[in-house]
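The values are calculated or read from the model by the stated rules, or taken from the named source; none is laboratory data. In this text the structure is predicted, and so the values were computed from the model without any measurement. With ideal geometry, Cβ positions are generated from the backbone for all residues, glycine too; neighbour counts draw on all protein chains shown. Note: accessible area is taken over every heavy atom of the protein model, side chains too, but ligands, DNA and RNA are not part of it. Shrake-Rupley method; radii C 1.70, N 1.55, O 1.52, S 1.80 Å.
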Amino acid sequence: MDTTQRTEQQRSADRRRRELLEAADRVVLRDGPQASMNAIAAEAGITKPILYRHFGDKSGLYAALAKRHTDALLNSLRAALDAPAERRERVEATLDTYLAAIEARPQVYRFLMHPAEGGTGADQGFDVGKHSAPLLRRMGEELAQVIEDRLDLGPGSQQLARVWGHGIVGMMHAAGDWWLGERPCTRAELVKSLADLLWGRLAAAGDKIGGPGF
């Protein structure tokens, strides 16, 4: 098999994988954590063994979907952090970006962060609760890197940046999960309250010399 043929086969496989992930997304939007391999295979017009062939098992498909949505969310968060605005405005915009994302697609959020309940037989909904911690850790590490690159935190800056990164992500996740379920206030009110909580140390920290600024 020559290089051109191998490349075309890879492109075809990548295209088919994207199509299957889009079918899975449609099921997740409809069913949330109850999304099943049977339903996803039916939506894609294939049999479940073919779906397994592409992703291995439920965990493989979940990981692919999680990466797809986490990548998109992280790109949006980076754009908010890089916006040409004052630091406080960018902090609020970043918090709002996260909350807007989970509000716009609550079934996707629940699929990624909450275990399925109920169901019978071998093809119950995805048990995703055990997989949510790695997603939060990834977001925490990404935010920690942003903080370390941009803020002068003095001695022990790398460790402190990781503490802040994981702490902020944990706060956003816990507060957002509570807010999405109960809606005790508007999104804007929640954003302001969370920004107020963060603002003391973020306001006091100077920009890192040679960094892109925060």
For the stretch 36-53, in order, what is each residue's ³J(HN,Hα) by Karplus, 6.51 cos²θ - 1.76 cosθ + 1.60 with θ = phi - 60°, in whole Hz (x at glycine and Pro)? 10, 4, 4, 5, 5, 4, 4, 4, 7, x, 10, 8, 4, x, 5, 4, 4, 4
Give the ranking of LYS192, LYS58, LYS208 by solvent-accessible surface, highest area first, calculated with a 1.4 Å probe. LYS192, LYS208, LYS58
For the stretch 1-115, size of Cβ-based charge dipole, Lys and Arg +1, Asp and Glu -1, in debye: 340
Work out, step by step, the length gained on full extension between ALA188 and ILE209: first 0.36 nm times the residue separation, then minus their alpha carbon distance; give nm to one decimal. 4.3 nm
For the chain, the per residue accessible area (1.4 Å probe, Å²) is 53
Which log10 I(q)/I(0) values does the stretch 10-88 give at q = 0.19, 0.20, 0.23, 0.24 Å⁻¹ under the Debye formula, counting every alpha carbon as one identical point scatterer? -0.79, -0.85, -1.05, -1.13
Between ASP14 and ALA104, take the C-beta separation as r, use R0 = 41 Å, and let me know the FRET efficiency to the nearest 0.05. 0.95
Given R₀ = 35 Å, what would the calculated FRET efficiency be for GLU141 paired with GLU86, taking r from the Cβ atoms and rounding to 0.05? 0.85
Pick from ASP14, ASP71, ASP152 the residue whose mean-square fluctuation is largest in a GNM of the chain, springs joining Cα atoms under 10 Å. ASP14
Listed by chain and number, the residues whose amide H is under 5 Å from that of LEU151, excluding neighbours fewer than 5 places away on the same chain and using placed H, are LYS208
Can you tally the lysine pairs in the chain where the Cα-Cα distance is under 22 Å and the two residues are eight or more apart, or on different chains? 5
In degrees rounded to 10, the 0-90 angle between helix 58-81 Cα long axis and the longest Cα principal axis of the chain is 30
For the chain, what Kirkwood radius comes out of the mean inverse Cα-Cα distance, in Å? 19.2
Can you tell me the dipole magnitude for the chain around its Cα centre, using point charges on the Cβ only (Lys, Arg +1; Asp, Glu -1), in Debye to the nearest 20? 400
Accessible-area composition of the chain, carbon plus sulfur, in percent [1.4 Å probe]: 52
Helix 187-204 vs. the chain, principal-axis angle (Cα, 0 to 90°, nearest 10): 50
Estimated vicinal HN-Hα couplings, Hz - the stretch 170-181 in sequence order (Karplus 6.51, -1.76, 1.60; Gly, Pro = x): x, 5, 4, 5, 5, 5, x, 5, 4, 5, 5, x
